[in-house]
Amino acid sequence: MLLKIHHVAIICSDYAKSKHFYCQVLGLSVIAEHYRPQRDSWKLDLALPDGGQLELFSFPEPPARPSRPEACGLRHLAFAVARLDDVIAHLTEQDIEVEAVRVDEYTGRRFTFFADPDGLPLELYEI
């Protein structure tokens, strides 16, 4: 039935700031970018290295996302990385706050969290 995750859609509050974050800081490449005047909305399709995609949307005055305490629903988006310390160093150089590294008690793998410009929790999981 299901083969893989095709894309994840993210609604941002500041399109330019989020586009910079996902393209320049995280290094994702643009597949397509469209302005939809009937919605006063941008849609940016970004390529992930494994063939998946992130869709970045802007809408006028989107409601804030409940995050802390954690709300019901999608908890976070996790990215697999080869060398966690290298990615943490890159994010830190970009003035992005990264939480302390933890170890998954079941797999023994190291991971950490950081946030996008809207506070969306993002995880780095070392494989």
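Please treat every number below as a calculation from the coordinates, not as lab data. Source: prediction; values computed, not measured. Here the Cβ is made from the backbone with ideal geometry for all residues, glycine too, and neighbour counts use every protein chain on show.
Put a dot 7 Å past each Cα toward the Cβ at Gln38 and Leu77; how far apart are the dots in nm?
2.6 nm
Could you work out the helix-only [θ] at 222 nm for the chain, with each DSSP H run of four or more residues adding -39,500 (n - 2.57) and the total divided by the number of residues, to the nearest 500 deg cm²/dmol? Numbers along the way, then the final one.
Details: 2 runs with 16 residues, N = 127.
That comes out to -3500 deg cm²/dmol.
Pick out, in residue order, every one of the trypsin sites (Lys or Arg not before Pro) in the range 1-93 that is DSSP loop and has at most 13 other C-beta atoms within 10 Å; say none if there are none. List each step's numbers first, then the result.
Numbers: sites: Lys4, Lys17, Lys19, Arg39, Lys43, Arg75, Arg83; in loops: Lys4, Arg39, Arg75, Arg83.
The qualifying sites are Lys4, Arg39, Arg75, Arg83.
Among Leu44, Leu74, Leu54, which one moves the most in a GNM of the chain with springs linking Cα atoms closer than 10 Å?
Answer for the Gaussian network model of the chain: Leu74.
Below 8 Å, C-alpha to C-alpha, sequence gap of six or more: please give me the relative contact order for the range 75-127 in percent.
Working: 83 pairs, mean separation 23.7, N = 53.
Relative contact order of the range 75-127: 45 percent.
Taking the Cα of Gln24, stepping 7 Å toward and past its beta carbon, and measuring to each backbone N in the range 59-103: which are under 17 Å?
Within reach of a label on Gln24, which here means backbone N under 17 Å from a point 7 Å along Cα→Cβ, the range 59-103 contributes 90-97.
Compute the signed sum of charges (Lys and Arg +1, Asp and Glu -1) over the other residues within less than 13 Å, Cβ to Cβ, of Leu54. Before the final figure, lay out each step's value.
Working: positive: Lys19, Lys43; negative: Glu33, Asp45, Asp50, Glu55, Asp116.
For residues surrounding Leu54, the net value is -3.
Return the loop-located GluC sites (Glu not before Pro) in the range 47-127 (DSSP other than H, G, I, E, B) with at most 10 other Cβ atoms within 10 Å of their own Cβ; answer none if there are none.
Within the range 47-127, the qualifying GluC sites (Glu not before Pro) (loop, at most 10 other Cβ atoms within 10 Å) are Glu70, Glu97, Glu105.
What's the angle, to the nearest 10 degrees (0 to 90), between helix 84-93's Cα axis and the longest principal axis of the chain?
Helix 84-93 sits at roughly 50 degrees to that axis.
Using Cα pairs closer than 8 Å and at least 6 residues apart in sequence, work out the relative contact order for the chain, in percent.
Over the chain, the number comes to 22 percent.
Can you give me the P(r) profile for the range 75-127? Cα pairs, bins 10 angstrom wide beginning at 0, each as a whole percent.
Bins of 10 Å from zero give 25, 60, 15, 0 percent of pairs.
Lys and Arg at +1, Asp and Glu at -1: add these up for the other residues within a Cβ distance under 15 Å of Ser29 and post the number.
-3
I need to check one value: relative contact order of the range 1-61, counting alpha carbon pairs closer than 8 Å and at least 6 residues apart, in percent.
40 percent
Would you mind getting me the FRET efficiency between Arg65 and Lys4? Use the beta-carbon distance for r and R0 = 25 Å, nearest 0.05.
Details: r = 25 Å, r/R0 = 1.00.
Using R0 = 25 Å, I get an efficiency of 0.50.
Give me the number: length gained by fully extending Ala47 to Val101, i.e. 0.36 nm times residue separation minus the C-alpha to C-alpha distance, one decimal in nm.
Values: separation 54, 0.36 × 54 = 19.44 nm, distance 2.65 nm.
Taking 0.36 nm per residue and subtracting the Cα distance, the gain is 16.8 nm.
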